[in-house]
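Step one of this worksheet: look at the structure below.
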Amino acid sequence: MQLHIIYIDNSTNFNTTVSCMAKYLVRWAIGTGKTATPEQANEVHEYIRAIISGGYSAAAAERLIIQYGGSVKPDNAKELLSMPHIDGALVGGASLKADDFAGIVLA
């Protein structure tokens, strides 16, 4: 699995921070209409949590909020958001269409 970490704020102490958020954007999915399967996305989110757990603590990894971004739509949001390691969604183009965005919110 190839994971690109774009930015880490070195001043963040995951062991003492009450909450912290990360995002996982699927580069090949952005703007293409393609989406990672929920299982693929969950696997990467679990991997990110394992990195934080190994580098900081299991408690820090559990507190980490990880959002998925990559062509989230009303027809895939419920399945993506039901995965145990996916804590939310970064919605791109679908946020520009009220009906689509409402469908995601209701998922």
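Readers should treat all values here as calculations from the given coordinates under stated rules, not as data from a laboratory. Bear in mind that the values here come from a model prediction, so they are computed numbers and not experimental data. So basically every Cβ, Gly included, is an ideal-geometry build from the backbone, and we count neighbours across all protein chains shown.
Would you mind ranking Y68, Y47 so that the residue whose beta carbon has the fewest other beta carbons within 10 Å leads the list?
Starting with the residue having the fewest Cβ neighbours, the order is Y47, Y68.
With +1 on the Cβ of every Lys and Arg and -1 on the Cβ of every Asp and Glu, and nothing else charged, how large is the dipole of region 20-106 about its Cα centre, in debye rounded to the nearest 20?
240
Calculate the FRET efficiency for Y47 and D99 from the Cβ-Cβ distance with a Förster distance of 35 Å, rounded to the nearest 0.05.
So, using R0 = 35 Å, E works out to roughly 0.55.
Using 0.36 nm per residue, how much length does the chain from E62 to K78 gain when fully extended, once their Cα-Cα distance is taken away?
3.6 nm
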